[in-house]
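The values are calculated or read from the model by the stated rules, or taken from the named source; none is laboratory data. Bear in mind that the values here come from a model prediction, so they are computed numbers and not experimental data. A quick note on method: Cβ atoms are made from the backbone with ideal geometry, for glycine too, and the neighbour counts reach across all protein chains shown.
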């Protein structure tokens, strides 16, 4: 979303008429826990419980341990525990986030390995075991949500598979130790090089998205003289009732094969000497919070399965994709994972096919955060700003989707502290460079460390070097241990990735 320069812009000075007293009214103060309403310039404003109150009430949801208040100060302002103003900070995965920030710098993404393991275990429990000789459901992590090698290795060691959409993701999944037999390859634009790599690796299934792609896979399979497993990705025209950018199962979407062409294409794949039709697949969108769209998808897929069985085609699996929704703010709906698991099993058990699912966000979003430091504060005529060193190039979701991420200080916040409505913005030269608009936050100062929560999915994978800014660092924490898994590049290293043509040297 692009915001035109106006009195609410973070750029430039406030008019001379906005003196100190007036400027202080540009941010609306309220007490901790108060309701936050709209602003007079129409900017998006959080509602309900402020982030600080939500996180303080449910730190376990974010994998956090929150410190109590610092030691009380004596008359000389010396804290009982030592230095004046000693910092008591949050911990993720048993590691102090202030320690990570001091070593790795900011902005830095931090992922909690044990949190990811626990989410995977919950999902497996919800899906249950296979019945009647059918293998257990296979969980293929959607690598596009978080392709960090360390995260993929955690999942690989727990026996998870991978849903990939590019040759690069295939390489990462294999490098992390995910078995090829647990990898499915989706996406509408697979190149011949990528198809060849998937065939050579011996992955579980190439998911066919069009008649043209089927022809290309046939040609590559013939050239390789291999028997290649494929599935047909269907477009069931089911509305997942999510953000328009996240809906992938509607008839106007670029994804999948129209239902009217499904049987014909499936039979063509089945009859080809170098292809093995192993299943049907679909993925209708992301941030789905109800099992009903999944049930509707299965209803459409059952008709195709029945027609294929009538034609003598035996399938091995049914892939329902991912899209399980999480709540990014208090009061926002999220999928009931246990109820969803029961629903999809009721709908699919009688088919006698192995169930495959492709969750991404649900497994990792709540298990990651972005650390950023406050650069300073600013007040304009129409808004108050907290300027931080993370920007839209580090976390694009707020600018792209108007997405919400809870943002809280890493230090202890007094429950009685006053909150002020602010925009949290970065240094990038765009009015759309924000992490939060109209957010109720306690007072913060330059140098304070903030945590942008629920940042484990679609964060680093969408980051860029816009404005010649290095990518964030990445860190994995694991039950008290931690390591920098992707160091931040220097500007010199970024320049080293390029070369001048000979005639310009």
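Remarks
- Filter pass, residue 208 being buried (at least 22 other Cβ atoms within 10 Å of the Cβ), within 21 Å of the chain's Cα centre (by Cα) and farther than 19 Å from residue 124 by Cβ: no
- From the options 174, 127, 120, residue that is surrounded by 15 or more Cβ atoms within 10 Å (Cβ to Cβ) and in the same structural domain as residue 284 (by TED's automatic domain parsing): 174
- Any chance residue 330 is in a loop (DSSP other than H, G, I, E, B) and under 29 Å from residue 60 (Cβ atoms): yes
- Residue within segment 132-147 that is touching a helix residue (DSSP H, G or I) at 6+ places or on another chain (Cβ under 9 Å), modelled with pLDDT under 95 and not assigned by TED's automatic domain parsing to the domain that holds residue 341 present: yes
- Given (1) assigned to a helix (DSSP H, G or I); (2) more than 25 Å from residue 463 (Cα to Cα); (3) in contact (Cβ under 8 Å) with a residue 12 or more places away in the chain, number of the condition residue 172 does not satisfy: (2)
- For segment 346-386, the set of residues classified as part of a helix (DSSP H, G or I) and either free of Cβ contacts under 8 Å to residues at least 24 places away in the same chain or crowded, with 18+ Cβ neighbours inside 10 Å (or both) consists of 346, 347, 348, 350, 351, 361, 362, 363, 364, 365, 366, 367, listed by residue number.
- Segment 146-161, residues that are touching a residue at least 40 places away in the same chain (Cβ under 8 Å) and assigned to a helix (DSSP H, G or I): 149, 150, 151, 154, 155
- Among the residues of segment 177-184, at least one is in a loop (DSSP other than H, G, I, E, B), in contact with a strand residue (DSSP E or B) (Cβ under 9 Å, 6 or more places away or on another chain) and either outside the structural domain of residue 257 (by TED's automatic domain parsing) or in contact (Cβ under 8 Å) with a residue 12 or more places away in the chain (or both).
- Against the criterion of being under 25 Å from residue 286 (Cα atoms), in contact (Cβ under 8 Å) with a residue 12 or more places away in the chain and in a loop (DSSP other than H, G, I, E, B), residue 437 does not qualify.
- Residues in segment 280-309 that are assigned to a helix (DSSP H, G or I) and either touching a strand residue (DSSP E or B) at 6+ places or on another chain (Cβ under 6 Å) or under 22 Å from residue 229 (Cβ atoms) (or both): 10 in all.
- Pick from segment 387-421, criterion within 21 Å of residue 471 (Cα to Cα) and not in a loop (DSSP other than H, G, I, E, B), ranking: modelled with the lowest pLDDT: 401
- A single entry from 456, 447 fulfils the requirement of being assigned to a loop (DSSP other than H, G, I, E, B) and surrounded by 24 or more Cβ atoms within 10 Å (Cβ to Cβ): 456.
- Residues satisfying the stated conditions in segment 188-205, i.e. surrounded by fewer than 19 Cβ atoms within 10 Å (Cβ to Cβ) and under 20 Å from residue 257 (Cα atoms): 188, 189, 191, 192
- Residue in segment 269-278 that is assigned to a helix (DSSP H, G or I), free of Cβ contacts under 8 Å to residues at least 24 places away in the same chain and out of contact with any helix residue (DSSP H, G or I) (no Cβ under 8 Å at 6 or more places or on another chain) present: yes
- Residues satisfying the stated conditions in segment 105-119, i.e. closer than 23 Å to residue 321 by Cβ and more than 15 Å from the chain's Cα centre (by Cα): 117, 118
- Each residue in segment 414-441 was checked for being within 13 Å of residue 53 (Cα to Cα), surrounded by fewer than 22 Cβ atoms within 10 Å (Cβ to Cβ) and in contact with a helix residue (DSSP H, G or I) (Cβ under 9 Å, 6 or more places away or on another chain), and 2 pass.
- Scanning segment 472-483 for residues that are surrounded by fewer than 24 Cβ atoms within 10 Å (Cβ to Cβ), touching a strand residue (DSSP E or B) at 6+ places or on another chain (Cβ under 8 Å) and outside any strand (DSSP E or B) yields one hit, 480.
- Of all residues in segment 132-145, at least one satisfies being in a helix (DSSP H, G or I), over 30 Å from residue 56 (Cβ atoms) and within 17 Å of the chain's Cα centre (by Cα).
- Of the residues screened, residue 164 is one that is touching a residue at least 12 places away in the same chain (Cβ under 8 Å), under 19 Å from residue 322 (Cα atoms) and either under 15 Å from the mean Cα position of the chain (by Cα) or surrounded by fewer than 21 Cβ atoms within 10 Å (Cβ to Cβ) (or both).
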